[in-house]
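Input: a single structure, listed below in structure tokens.
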Amino acid sequence: MKLLKMMFVIPAMSVLLAATPGYAQAPAGQPPATPPAGGAAQKPPATPPATAAPAPAPKPPAPFPEGAKFAFIDIQAVASNSAEGKAATAKLDELRKKKNTELTTKSAALKAMQDKLNAGGSVMNDQARGQLEKEIEKGNRDLQYAQTDAQTEVTDLTNQLQGEFQEKLNPIIEQVRIDKGLLLIFSIRDSGVVSAEPGLDLSNEVIKRFDAAAKTAPKK
């Protein structure tokens, strides 16, 4: 399981901030530029808009070196780009959103009770104030329990999905190794390798076979 640790990652939502156009200001005390003689200032000649350079064509995948006996794959790339990995990530994301909604609801209810006590506790009778304080105390315990329970559920599902993913992926990797006549296939992120021939990367090959196997697998 160490190989697949932190494999299913929920992408963070990024906020794009529109850049505010800046305006150059003349230094203090500097007079504005004097227009040329003969009347109104002349406008500089219009500059034709720059033509955007075409995006470079993607490089074709490097060929697998003939006679190579070792290769590698990027487990994270397989998890992020394969159909099985995306499905597992979606399941985990769904559970996290569900638990976050539940915790947000409980937290809001607890805050409402606390606000009520802060605003009117001094004018409540002892019985009403004591009852509200007990409800707040219980709400705190419930929220803490719900947080722990939510974390446990997310962890359990993560472990389950990683185990299922690895169980399905291992035969694919082994078949690629056999078909290529390789002695070993490394996990590049765990190998300590700092430089390698790009053609030895079989991640895309594994993803293609993994997706093909998922399409032909019997439905449960």
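The values are calculated or read from the model by the stated rules, or taken from the named source; none is laboratory data. Note that the structure is predicted; figures quoted are calculated from it, not measured. Every residue, glycine as well, gets a Cβ built from its backbone with ideal geometry; the counts of neighbours run over all protein chains shown.
When region 67-100 is limited to residues that are touching a residue at least 12 places away in the same chain (Cβ under 8 Å) and among the acidic types (Asp, Glu), the one that is farthest from residue 191 (Cα to Cα) turns out to be 93. Just so you know, in region 120-158 the residues that are charged (D, E, K, R) and surrounded by 13 or more Cβ atoms within 10 Å (Cβ to Cβ) include one that is modelled with the lowest pLDDT, and it is 129. Take the conditions (1) closer than 30 Å to residue 210 by Cβ; (2) under 27 Å from the mean Cα position of the chain (by Cα); residue 147 misses just one of them, which is (1).
Just one of the numbered conditions (1) under 28 Å from residue 84 (Cα atoms); (2) out of contact with any strand residue (DSSP E or B) (no Cβ under 9 Å at 6 or more places or on another chain) is not true of residue 111: (1). Residues that are out of contact with any Ser or Thr (no Cβ under 9 Å at 6 or more places or on another chain), surrounded by 12 or more Cβ atoms within 10 Å (Cβ to Cβ) and within 19 Å of residue 61 (Cα to Cα) within region 188-207 comprise 196, 197, 199, 200, 201, 202, 203, 204, 205, listed in sequence order.
When 161, 157, 143 are screened for being assigned to a helix (DSSP H, G or I), of a type in the set (A, V, I, L, M) and touching a Phe, Trp or Tyr at 6+ places or on another chain (Cβ under 7 Å), only 161 passes. Applying a threshold of 7 Å to beta carbon distances and a minimum spacing of six or more residues, or different chains, the list of pairs starting in region 175-192 at a residue that is touching a residue at least 24 places away in the same chain (Cβ under 8 Å) and ending at one that is among the polar types (S, T, N, Q) reads 189/76. Within region 96-135, being of a type in the set (S, T, N, Q), more than 16 Å from residue 147 (Cα to Cα) and in a helix (DSSP H, G or I) holds for 114, 118, 122, 127, 131.
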